[in-house]
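Below: the structure, in structure tokens.
The values are calculated or read from the model by the stated rules, or taken from the named source; none is laboratory data. Computed from a predicted structure; not experimentally measured. With ideal geometry, Cβ positions are generated from the backbone for all residues, glycine too; neighbour counts draw on all protein chains shown.
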Amino acid sequence: MSVKKLRLFLTPDLEKEERWLTQMSAQGLHFKKYRMCVYTFEADPDKAYIYQIGFQQNADETYFKGFENDGWKLVDHSAGMYHFFRHENKEIAAEDLHSETEMHDYYDKMLNFHMLLFISAFCIMFGTFFSLGTISNVLQIIVVIVLGFLALVHLYIIVRLFKKSKLIKSSR
């Protein structure tokens, strides 16, 4: 039996998302697929998994082999860069999943990615805004508002990622 749950996690909430997936598995719902904030689970009360999410753009076989060699099974991908893995070993501690170096690298990659998205949205928004001339084109106004909202969301994510990256760097 499949169960779908709607849940929104932002990029800086990687650990929360992994904990949530692991908690769902402990309740007998095992993650199977992710599409646009909708998580699909398969029910099986006899099993329990620990989940990990990797971020790697243009991931190759070497990337996936590393997880596979450590006992992790690929479950699904999202946006071609988020990779959901699960492990049957319940003895693996949550803090063992990601080293500080891996997390710092992850936050740096995500920081760069969201900076690019923020700058793109910001530039397109201002280009559209300055080409308005008059406030007669409703579509242009809607585009400016949507892009402004997206730019603010990415700015929020950038600030959170920067703080997390700085916190990890200072704890080394």
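General observations
- The condition of being surrounded by 18 or more Cβ atoms within 10 Å (Cβ to Cβ) and not assigned by TED's automatic domain parsing to the domain that holds V159 holds for only one of Y106, Y51, that being Y51.
- Odd one out for E18 among (1) surrounded by fewer than 19 Cβ atoms within 10 Å (Cβ to Cβ); (2) out of contact with any helix residue (DSSP H, G or I) (no Cβ under 6 Å at 6 or more places or on another chain): (1)
- Complete set of residues in region 109-131 that are surrounded by 14 or more Cβ atoms within 10 Å (Cβ to Cβ) and without any contact (Cβ under 8 Å) to a residue 12 or more places away in the chain: S120, F126
- Filtering region 22-40 for residues that are closer than 29 Å to S171 by Cα, at pLDDT 90 or above and part of a helix (DSSP H, G or I) leaves a non-empty set.
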